[in-house]
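Presented below is the structure to which this report refers.
Only the coordinates and a few stated rules stand behind these numbers; no lab work does. None of these values were measured; they are calculated from a predicted model. Ideal geometry is used to build each Cβ from the backbone, glycine not excepted, and the neighbour counts take in all protein chains shown.
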Amino acid sequence: MVYEATGTCDRGTCSYAAMMTPCPDGCANNACKGDPCIGVTCNMPPAKYCVDANNLNVSDAPGTCTSGTCDYASHNEYCSFGCVNGVCDADPCIGVTCNAPPAPYCAGANTKRVYSAPGTCSGGTCSYMFTDQNCPYGCMNGVCLDCMTDSNCPSAKWCNGGSCTTCNSNMHCGASCANCSATGDFCNAGTACVDCLVDNQCGGGNYCNANTCATCNVAAHCGPSCATCSGTTPTCNGSACVCSGASCGSYNQCISGGCVECNTASACGANCTACGGATPFCRDEGTTSRCVECLSNADCTGGKTCASGTCVAGCSAPAAACAATGNQDGSCSGAYTITRPTAAAGFHIDDNYGLCGRASDFPNITGCESGVSNGADAAYRLFMKTGETMQVTLLRGSSTCTIGWNGTVSLKIYGTACSADCTTCANTCATNHYCLQANSQTTNFTAPASGWYDVVVDSRGAANDDVGGVFDLLVTLTCPGGCTCP
């Protein structure tokens, strides 16, 4: 019921006309209900589903709204490749490329079946067209045989298990397919039978020379073992490697095919020349040699001796000159022996020998020790040849004895020449050749004659021998002919 908005008044009372208004969606709380489909969008149809194996039910969108509820019409779609789980299956041939036909095979004893590509796809499976080929000599493992006998093959080929094969083996070689093995030969690059291809196909003492076995009589293949000649023997004499020309190198010469050391007067030195003149002898020095003035004392005159190939003045050094014997605290003849090779390298006492408690074996020398009583001394003997020089350096060290050492140290050199005929070389300190009182000094002494020479370090202390200390002594021998023994 709906009243008019404007009524009428009768004796102070309003009255309103009324009329009945239909409510399509119902009436509640004195008002018509609103349309429940207002704001409803029907765009969510039910899911598709398979009606059967080949039909898919599909709901149409948009649907229609009735009383607030969406309704959707539907239709069926046919699935050419079947319907599964609410979806039409796709074409199984999509993405399939039929380019892998089956391998040829023998469809019969004389028939070869060959498939062609591309093929066609149906239901996801490829199929291929094929043709059959006639095989006159038979079909094996999908291949038409080329032949049954050698006569079925062209020139330079032979029938190898039904296949015509190039004649390039020892049993089938060249245009005529000759059997090289029958004559003990070898197939050369498939063209012809030859004696050999490599050296070991030839007998002992032979090598393969341009496919022919040849005797090993050349530098590259020499002798029974076919050795390669090189180095000092670069030439082959037909049976062995031999030297030639200057192949032996320095200090050697080639004689009768062999290298011989040049150590004779007729062939000496790096160039194997003859010795003569002032150097008539050849001195063999191991791997080298040289022309020299002498080989022994017998080759020298005027009382000279032979030292390293040179005649030098003076007597030969006795064997004792190379024996480190004696004692630093010894007397003249008992002094410590500095061997000639040791002296040549430099004999050194480095503050490791004290004079404390040592004997006084050498007398005072006026002008050298100024008359002060003798003190402890140290003595060293050395055999020198005429004209040889020794350099002696002495440096006084610190006092190491029980009594202080204030005196200046002295250096003395004594010597005794050998007899004129060199038969006797006694060590008697007969002559004093040098004496100097100085705490630091160096002297170069040249032997006036061959003989024994003593180097003495004297403490020049008080009457007892408890005055002194250590010292530094260096003795170096220079020998023009070599510091050897004898």
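Between Cys9 and Ser250, what is 0.36 nm times their sequence separation minus the Cα-Cα distance? Round to one decimal in nm.
70.7 nm is the gain from fully extending Cys9 to Ser250.
Set the Förster distance to 35 Å, then compute FRET efficiency between Ser308 and Ser398 from the Cβ-Cβ distance, nearest 0.05.
That pair, Ser308 with Ser398, gives E of 0.25.
Amide H of Cys65: which non-local residues (sequence gap of 5 or more, or other chain) have their own amide H closer than 5 Å, using H built in the peptide plane?
Correct list: Asp71.
How big is the charge dipole of segment 293-417 about its Cα centre, in debye rounded to the nearest 20, if each Lys and Arg gets +1 on its Cβ and each Asp and Glu gets -1 on its Cβ?
Charge dipole of segment 293-417: 80 debye, to the nearest 20.
Expressed in nm to one decimal, what extension gain is obtained for the pair Met129 and Ser239 from 0.36 nm per residue of sequence separation less their Cα-Cα distance?
Contour length minus the Cα-Cα distance gives 32.1 nm.
How would you rank 202-210, 314-322, highest first, on the average number of other Cβ atoms within 10 Å across their residues?
Ranked from most to least packed, the peptides come out as 314-322, 202-210.
If amide hydrogens are placed 1.01 Å from N in the peptide plane, which non-local residues have theirs closer than 5 Å to the one on Asp351?
Excluding prolines and chain starts, which carry no amide H, the hits are Phe471, Asp472, Leu473.
May I ask you to list the residues of segment 321-339 whose amide nitrogen lies under 12 Å from a point 7 Å from Cα along the Cα→beta-carbon direction of Thr428?
none
If you average the alpha carbon positions of segment 308-377 and of segment 106-138, how far apart do those two centres end up, in angstrom?
115
The list (1) 63.5, 195; (2) 26.5, 90; (3) 22.9, 69 gives values of Rg and Dmax of the Cα atoms in Å, and only one came from this structure; which label was calculated from it?
So the calculated entry is the one marked (1).
Out of the DSSP beta bridges found with both residues in the chain, what percent are antiparallel (nearest 5)?
Roughly 95 percent of the DSSP beta bridges within the chain come out antiparallel.
With only Lys, Arg, Asp and Glu charged, each at its Cβ (+1 for the first two, -1 for the last two), find how big the charge dipole of the chain is about the Cα centre; round to the nearest 20 debye.
For the chain, the charge dipole is close to 1180 debye.
How long is the gain from Cys32 to Leu436 if the chain were fully straight, where each residue apart is worth 0.36 nm and the alpha carbon distance is subtracted?
The Cys32-Leu436 span can extend by a further 130.1 nm.
Mind listing the phi-derived Karplus ³J(HN,Hα) values for segment 387-393, rounded to whole Hz, using 6.51, -1.76 and 1.60 with θ = phi - 60°, and x for any glycine or proline?
Each residue's phi maps through the Karplus curve to give x, 6, 10, 10, 9, 10, 10 Hz.
Using DSSP loop states and a limit of at most 13 other Cβ atoms within 10 Å to flag GluC sites (Glu not before Pro), what is the longest stretch of the chain containing no flagged site?
The answer is 5-284.
Hey, in the chain, which Cys have no second cysteine's beta-carbon closer than 4.7 Å?
So far as the 4.7 Å Cβ criterion goes, Cys9, Cys14 stand without a partner in the chain.
At 222 nm, what helix-only mean residue ellipticity would the chain give, in deg cm²/dmol to the nearest 500, using -39500 (n - 2.57) for each DSSP H run of four or more?
After summing the helix terms and dividing by residue count, I get -500 deg cm²/dmol.
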